[in-house]
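Enquirer: Sharing a structure with you now.
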Amino acid sequence: MRQHKRLFIIVMTVGLLLVVATGAIAQTGDNPLPQPASDQYLVSGQIQNATTDQAAAEPLTVELHAFDSSFTRTETIETTSDEDGRFQFTLDAIEPDWVYMTTVTYGGLEYSSDIGRLNGDQPTLDLPLTVFEQTMDETAVSLNQLHITVALMGEQVRVSELYTFDNKETAVFVGASGTTDEGTVRLALPDVAQSPDFQRGFGGDNFFPANEILQTDAGWADTLPLRPGPGSLTLLVNYVVPSQGNLQLTRSLPYDTHNVTLVVPDGLAPGSAWQQDPSRMTGSGVTTSFSLASLTAGETLDIRLEGQPAALAAPGGSALSPWLAAAGVLLLVGLAAGRMVYLRRQNGETALKPEGVIY
């Protein structure tokens with residue numbers, strides 16, 4: 001387990017690749033930038049502490065990273081911010097296909113700026129940085145939406161659970177212990193869950209392996225800090241359970257949960273506490289949706305599926321009929337601006353990608 005976690009907060013409305021591909025990268029801010037000398041280029045910015053709503057007064061080491069068209073780090077230079085949190089870099093030469101990003105380590109976490117490009121027509125670039133204080137208060141965390149889909153796959157039941165977390169504080173949540181390696185955001189899976197697979201959402205329907213999830217005595221937990229704001233973390237969990245007898249996906253929820261949605265094959269039902277919506281035809285069969293009112297932290301999410309899927313009761317029905325769960329994932333709109341990406345350092349190079357993911 002890594003001892004030092006890096007949290008990157010980049011302001012963008014789509015994923016990093018789309019931002020660079022469309023040229024929608026950082027431009028000069030509202031404040032006039034210092035002008036470089038002839039044949040020079042200038043990258044500057046200011047470090048703002050969003051928790052205190054003040055500029056970072058202490059001197060901090062700021063790094064400027066250059067990345068080529070394959071998103072591999074090609075160059076890094078350092079400077080130190082002044083008493084107003086301002087910093088600047090002067091470059092004598094640039095490459096036309098390079099993009100730039102600034103980073104700073106604050107409180108043991110590393111934050112990044114937006115990305116931007118320099119050229120002859122734009123010799124200056126503003127790449128400000130936003131940092132946060134840290135909190136261990138779990139009441140700051142809530143589960144905005146939990147969407148569960150159930151699919152019958154032969155002798156197994158395949159379950160997909162989509163989690164969207166909020167952090168209502170203007171501080172980074174680093175876990176109740178204050179040590180991210182011991183876990184930050186917790187996940188409660190039912191006891192019958194087997195072979196869970198975790199994926200992290202990066203906007204829309206883009207998901208990548210969440211290798212930072214670890215198993216704890218109490219269940220599962222992320223080890224990345226949770227940045228402030230609504231929808232600041234999306235996790236997709238897939239697992240299987242034996243399809244013997246009635247299916248129970250009951251568990252105690254660790255956080256206040258505002259909305260729970262359940263999609264099951266037509267003919268199954270979770271109980272009277274759930275509000276049933278009309279059945280609908282999908283590409284894989286008829287499904288029924290159920291919803292549940294808000295639950296408080298520590299309350300039990302009671303899912304006890306009973307009945308018989310209509311397809312199995314119909315003539316010629318087969319238990320091997322697939323009930324795909326993809327529809328549930330599509331119900332959530334893309335994440336808010338400010339997606340996280342991670343810098344993976346390997347063999348002296350850094351790629352703009354989540355760990356373990358190759359674009």
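Enquirer: Residues in the range 169-191 that are in a loop (DSSP other than H, G, I, E, B) and out of contact with any Pro (no Cβ under 7 Å at 6 or more places or on another chain): how many?
Expert: Looking only at that region, the number is 9.
Enquirer: List every residue pair whose Cβ atoms lie under 6 Å apart, where the two residues are 6 or more positions apart in sequence or sit on different chains, the first residue falls within the range 256-275 and is surrounded by fewer than 16 Cβ atoms within 10 Å (Cβ to Cβ), and the second residue, located anywhere, is part of a strand (DSSP E or B).
Expert: Within 6 Å, the pairs are H258/N144; N259/Q145; G271/R304; Q275/S291.
Enquirer: When you scan the range 36-45, do you find a residue that is at pLDDT 90 or above and loosely packed, with under 13 Cβ neighbours inside 10 Å, even just one?
Expert: No, the range 36-45 has no match at all.
Enquirer: Would a scan of the range 164-185 turn up a residue that is out of contact with any Asp or Glu (no Cβ under 8 Å at 6 or more places or on another chain) and closer than 25 Å to P265 by Cα?
Expert: yes
Enquirer: If we scan the range 148-164, do we find a residue that is touching a residue at least 24 places away in the same chain (Cβ under 8 Å) and over 30 Å from W274 (Cβ atoms)?
Expert: No - not one qualifying residue is present in the range 148-164.
Enquirer: Answer with yes or no whether P228 is touching a residue at least 12 places away in the same chain (Cβ under 8 Å) and under 26 Å from F132 (Cβ atoms).
Expert: Values: touching a residue at least 12 places away in the same chain (Cβ under 8 Å): yes; under 26 Å from F132 (Cβ atoms): yes.
Against the criterion (touching a residue at least 12 places away in the same chain (Cβ under 8 Å) and under 26 Å from F132 (Cβ atoms)), P228 qualifies.
Enquirer: Name, by its number, the condition in (1) within 23 Å of A297 (Cα to Cα); (2) modelled with pLDDT under 95; (3) under 13 Å from the mean Cα position of the chain (by Cα) that does not hold for F202.
Expert: Checking F202 against (1) within 23 Å of A297 (Cα to Cα); (2) modelled with pLDDT under 95; (3) under 13 Å from the mean Cα position of the chain (by Cα), the one that fails is (1).
Enquirer: I'd like the full set of residues that are among the hydrophobic types (A, V, I, L, M, F, W, C) and either free of Cβ contacts under 8 Å to residues at least 60 places away in the same chain or in a strand (DSSP E or B) (or both), limited to the range 126-139.
Expert: At the first step, the residues of the range 126-139 found to be among the hydrophobic types (A, V, I, L, M, F, W, C) are 127, 129, 131-132, 136.
L129, V131, M136 - these are the residues of the range 126-139 that are among the hydrophobic types (A, V, I, L, M, F, W, C) and either free of Cβ contacts under 8 Å to residues at least 60 places away in the same chain or in a strand (DSSP E or B) (or both).
Enquirer: Checking the conditions here, which among D126, D114 is more than 22 Å from the chain's Cα centre (by Cα) and either among the charged types (D, E, K, R) or under 30 Å from L253 (Cα atoms) (or both)?
Expert: That would be D126, the only listed residue that is more than 22 Å from the chain's Cα centre (by Cα) and either among the charged types (D, E, K, R) or under 30 Å from L253 (Cα atoms) (or both).
Enquirer: With the condition kept exactly as written, say whether any residue in the range 237-245 is surrounded by fewer than 22 Cβ atoms within 10 Å (Cβ to Cβ) and free of Cβ contacts under 8 Å to residues at least 40 places away in the same chain.
Expert: Taking the range 237-245 as the starting set, the residues that turn out to be surrounded by fewer than 22 Cβ atoms within 10 Å (Cβ to Cβ) are 237-245.
Filter once more, keeping what is free of Cβ contacts under 8 Å to residues at least 40 places away in the same chain: 244-245.
Scanning the range 237-245, I find at least one residue that is surrounded by fewer than 22 Cβ atoms within 10 Å (Cβ to Cβ) and free of Cβ contacts under 8 Å to residues at least 40 places away in the same chain, so the answer is yes.
Enquirer: Out of all the residues in the range 186-234, which are surrounded by 14 or more Cβ atoms within 10 Å (Cβ to Cβ), of a type in the set (V, I, T) and farther than 25 Å from T170 by Cα?
Expert: V192
Enquirer: State whether one or more residues within the range 194-211 are in contact (Cβ under 8 Å) with a residue 40 or more places away in the chain and touching a His at 6+ places or on another chain (Cβ under 6 Å).
Expert: Checked the range 194-211: no residue is in contact (Cβ under 8 Å) with a residue 40 or more places away in the chain and touching a His at 6+ places or on another chain (Cβ under 6 Å).
The values are calculated or read from the model by the stated rules, or taken from the named source; none is laboratory data. These numbers were taken from a predicted model, which means no experiment stands behind them. Cβ sites come from the backbone with ideal geometry, for glycine too, and all protein chains shown count toward neighbours.
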